[in-house]
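Encoded as structure tokens, the structure appears first; notes follow it.
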Amino acid sequence: MAVREILLYPDPLLKQKCDLVTDFGAPLAELVRDLRETLAASPGVGIAAPQIGVLQRVVLIDVTGKFPERRQLVLVNPRITTLEEYKIIREGCLSIPEFTANVRRADKVVFEALDEHGQPYAHRTDGLEAIAIQHETDHLDGVLFLDRVACLKTDVFRRKTKPSARAQS
Ligand SMILES: [Zn+2]
């Protein structure tokens, strides 16, 4: 197990389309463990394999910090089948830490995926978890949230990382 380095934009690996997972052996188990360790050490609610440089269709979602009744989700070869109730939300990305942006996302999704052992499952969810699933699934196709912004001039915001920044704005 290891906390892996998270690739930062504009690393070219973040713009690649990832491969379907076909082998559910030890390398996949190690990848999932590394994603768990890396996400646990970060402020995010989701991470995709390409963010640690692995071009495989694997996503980890964890909103249990905000919603303890939910559970961590491992999505292998995910496919979103339903997107409902679109709205504009403010979104960030571990690979683009300095910015947030207004992005149009569905509030409710249904997806199909395999778990880390290769067992198929389907899941319906909403809110933060639904948004994270759309964001992380985008990563598997080399799509970043900046690609989803309607207007780069008005919908992208630099994070105010220092408490004093507010007074300066
Ligand atoms: Zn991201």
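The values are calculated or read from the model by the stated rules, or taken from the named source; none is laboratory data. Since this is a predicted model, take the numbers as computed values, not measurements. Heads up, the Cβs are rebuilt from the backbone with ideal geometry, glycines too, and the neighbour counts pull from every protein chain shown.
Counting residues in region 143-153 that are more than 16 Å from the ligand (Cβ to nearest atom), buried (at least 17 other Cβ atoms within 10 Å of the Cβ) and outside any strand (DSSP E or B) gives zero.
Looking across region 98-139 at every residue that is over 23 Å from LEU31 (Cα atoms) and among the acidic types (Asp, Glu), the one that is surrounded by the fewest Cβ atoms within 10 Å (Cβ to Cβ) is identified as GLU98.
Select, from THR100, THR125, THR81, THR161, the only residue that is more than 23 Å from VAL54 (Cβ to Cβ) and at pLDDT below 95.
THR161
A search for C-beta distances below 6 Å between a residue of region 143-155 that is in contact (Cβ under 8 Å) with a residue 40 or more places away in the chain and any residue that is assigned to a loop (DSSP other than H, G, I, E, B) and within 16 Å of the ligand (Cβ to nearest atom), counting only pairs 6+ apart in sequence or on different chains, returns PHE145/CYS93; ASP155/VAL149. Residues in region 67-91 that are touching a residue at least 40 places away in the same chain (Cβ under 8 Å) and assigned to a loop (DSSP other than H, G, I, E, B) were compared, and the one that is nearest to LEU152 (Cα to Cα) is PHE67.
State whether one or more residues within region 54-66 are of a type in the set (Ser, Thr, Tyr) and either within 16 Å of the ligand (Cβ to nearest atom) or part of a strand (DSSP E or B) (or both).
no
With respect to (1) out of contact with any Ser or Thr (no Cβ under 7 Å at 6 or more places or on another chain); (2) in a loop (DSSP other than H, G, I, E, B), the lone exception for LEU94 is condition (1). When PRO43 is tested against (1) surrounded by 15 or more Cβ atoms within 10 Å (Cβ to Cβ); (2) within 15 Å of the ligand (Cβ to nearest atom); (3) more than 14 Å from ALA2 (Cα to Cα); (4) without any contact (Cβ under 8 Å) to a residue 60 or more places away in the chain, just one condition goes unmet, and that condition is (1).
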